[in-house]
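Take a look at the structure below.
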């Protein structure tokens, strides 16, 4: 009825609106042409990856974030890994980001507001689990140094190690106050919790001090700094560029394909319910494309380990590499933006 009233006043305005709606609707039916969809694996044509055995293995090995919501840190670390030439620790990236969030009231309030609005989206009650790729890269550069994946692995030394560690530290913190634990007792508890990693007695003591007085995110940042056994001592300046889809499939996919053709890694932020039975926003890396079944399809590097059980029927999953394939149209519909390092 409101639209009808609007047309009575301005028929040209209504006609323009119809055209815009038609264009927006038809955009979803468009597709990337076969001529623009030559098969490309970014890991094979990016010189910093293809010529580097450690990086090539890194980008072909499944990652498992478990139920810790740090997908943004995994994708940020992957973008930086390709630029630096060394696999970067996603765990360290998340710790740097959370330390920044802890000091920045504006962003911290946003996180807390989201947490209250969507309590079921968070596994932990105190740990910050969401993040922005652009800010994460910026903060990693500002930090001046990064830990390598080998020096601070998220999921290599033992299964679920970081999830279990974070959960144990979160459960320990209220017990410290409730049971009036002394410093020595807290140190013993922390020593057991972080046992997969080698920390000195003084470093355990610092963690105990932090856990007794600070937000848990500060304690995790301290842990990451201390537990790192291999550093990237000089992090180069990096600028990320973000491209929103703006309901223009042709323009958005042209940007995606341009980056692929250049051998450039890019993140994609999307709604997981398009491809799985879960809900919520997620971030992954696009590592390739192909022409298949009359459509251009894109290879998405996920961080859900080797499991293929989460994907909807019809989604092709490569469990040995931790990737899955989606069509241009499905990727466009689900995504909100892509990001890449532009320098």
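Coordinate-derived values only; no laboratory data. In this text the structure is predicted, and so the values were computed from the model without any measurement. No Cβ is skipped: glycine too gets one built from the backbone with ideal geometry, and neighbour counts run over all protein chains shown.
Here are the numbers for this structure:
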{"quantity": "Residue exposure sequence - 253, 212 - by fewest surrounding Cβ within 10 Å", "calculated": "212, 253"}
{"quantity": "Order of 165, 80, 238 under a 10 Å beta carbon neighbour criterion, fewest first", "calculated": "238, 165, 80"}
{"quantity": "For region 284-330, radius of gyration divided by Kirkwood radius, i.e. Rg to Rh on alpha-carbons", "calculated": "0.94"}
{"quantity": "Distant alpha-carbon pairs in region 146-294 (separation over 18 angstrom), percent", "calculated": "70"}
{"quantity": "Theoretical gain in end-to-end length, residue 290 to residue 274 [0.36 nm per residue, Cα-Cα removed]", "calculated": "3.8 nm"}
{"quantity": "Pairs of alpha carbons in the chain whose separation is greater than 30 Å (percent)", "calculated": "41"}
{"quantity": "Cα-based equivalent ellipsoid of region 162-220: semi-axis lengths in Å, sorted from largest, via gyration tensor", "calculated": "16, 13, 11"}
{"quantity": "Per-residue [θ]222 nm for the chain (sum of -39500 (n - 2.57) over DSSP H runs n ≥ 4, rounded to 500)", "calculated": "-14500 deg cm²/dmol"}
{"quantity": "At R0 = 25 Å, FRET efficiency that the Cβ-Cβ distance of residue 45 and residue 237 yields, to 0.05", "calculated": "0.55"}
{"quantity": "Protection-proxy order for peptides 34-46, 81-93, 122-134, each taking the mean of Cβ atoms within 10 Å per residue, highest first", "calculated": "81-93, 122-134, 34-46"}
{"quantity": "Two-site label geometry, residue 105 and residue 319: point separation in nm, points 7 Å out along Cα→Cβ", "calculated": "5.0"}
{"quantity": "Proxy reagent accessibility, fewest Cβ within 10 Å first, across 193, 285, 177", "calculated": "177, 193, 285"}
